[in-house]
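Engineer: Before I ask anything, let me first share the structure, which is written out below as structure tokens.
What follows draws every value from the coordinates through simple rules; no lab data is involved. Predicted model, so just to flag it, every value in this text is computed and none were measured. Every residue, glycine among them, receives a Cβ derived from its backbone with ideal geometry; neighbour counts consider all protein chains shown.
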Amino acid sequence: MDLYSGYINNLIEELSALPGIGTKSAQRLAFYLINQPKESVERLASAMTEAKAQVRYCSECFTLTDRDKCPICANENRDHRTIMVVENSRDLAAYEKTGKYNGVYHVLHGAISPMLGIGPGDIRLKELIERLQHDVDEVIIATNSSLEGETTAMYISKLIKPSGIKVSRIASGVPVGGDLENIDEMTLLRALEGRVEL
Ligand code: ZN
């Protein structure tokens, strides 16, 4: 039995496909939206389609940006010879918030996970190796301390080692299985300062 109109059902279905939104939340959001003025719903819809149309990957570090190069890569005052490797743009933002890191980043967009069938070719690793053809002094691996993050860190260090470029891993202190984005700035800074060479 269909309780609602097809349009509402469709809206609920689309909303419940979003991460962290169950059927109940999707219903609440759907009815909220229906009761909003037309203009505010249109603003939301166009914010989504415009973001999708304009946002792209930085041609250097692969973080999300709306220009060819993100503001960090375009900044000549940053140390372009130090590259911090992170799993996603949210981790990059967490380190940027500390205001104490002056190098650049490389965003992998994931981590190696044999269990989930995610291999080295599924993340932006090839692009990282290409960047190392230019002058680079140090690669700081700041993947999460989850099993996937550690596997990825090991893989990257083995890959880079032969080139003679210094490879380091942020110190533990970041709790095991912890998402970088949920960790406070002091802990992030300690982890960065206490990094060990691999
Ligand atoms: Zn960039």
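Engineer: Please work out how much length the chain gains when fully extended from Arg56 to Leu147, using 0.36 nm per residue of separation minus the C-alpha to C-alpha distance, in nm with one decimal.
Structural biologist: 29.9 nm
Engineer: Another question, then. Using 1/(1 + (r/R0)^6) with R0 = 35 angstrom and r between the beta carbons of Ala93 and Lys24, what's the FRET efficiency to the nearest 0.05?
Structural biologist: 0.70
Engineer: In a Gaussian network model over the chain where Cα atoms closer than 10 Å are linked, find which of Pro19, Pro37, Pro120 has the largest mean-square fluctuation.
Structural biologist: Comparing Pro19, Pro37, Pro120 in a Gaussian network model of the chain, the most mobile one is Pro19.
Engineer: Which value at 222 nm does the chain reach when only helices count, each DSSP H run of 4 or more adding -39,500 (n - 2.57), with the total divided by all residues and rounded to the nearest 500 deg cm²/dmol? Intermediate results must be reported in sequence, preceding the final value.
Structural biologist: Numbers: 8 runs with 84 residues, N = 198.
Helix-only estimate at 222 nm: -12500 deg cm²/dmol.
Engineer: Set the bar at 24 Å for Cα to Cα. Now go through Lys126/Lys158; Lys69/Lys97; Lys24/Lys97; Lys126/Lys166; Lys97/Lys161 and name every pair that lies beyond it.
Structural biologist: Lys24/Lys97; Lys97/Lys161
Engineer: For segment 6-54, give the magnitude of the charge dipole about the Cα centre (Cβ charges: +1 Lys/Arg, -1 Asp/Glu; no others), in debye to the nearest 20.
Structural biologist: Its charge dipole is roughly 140 debye.
Engineer: Tell me, what is the FRET efficiency for Gln133 and Asp184 to the nearest 0.05, using R0 = 45 angstrom and their Cβ-Cβ distance as r? Don't jump to the answer; show the numbers that get you there.
Structural biologist: Values: r = 36 Å, r/R0 = 0.80.
For R0 = 45 Å, the calculated efficiency reads 0.80.
Engineer: Could you check which residue among Val136, Val104, Val167 shows the biggest mean-square fluctuation in a GNM of the chain with a 10 Å Cα cutoff?
Structural biologist: Val136
Engineer: Could I ask something else about it? Can you tell me which of 157-164, 143-150 comes out highest on packing, and rank the rest after it, using the mean Cβ neighbours within 10 Å?
Structural biologist: Highest-to-lowest ranking by the protection proxy: 143-150, 157-164.
Engineer: Ok, one more. How high is the FRET efficiency from Ile118 to Glu13, r the C-beta distance, R0 35 Å, rounded to 0.05? Please list the in-between numbers first.
Structural biologist: Numbers: r = 27 Å, r/R0 = 0.78.
FRET efficiency, Ile118 to Glu13: 0.80.
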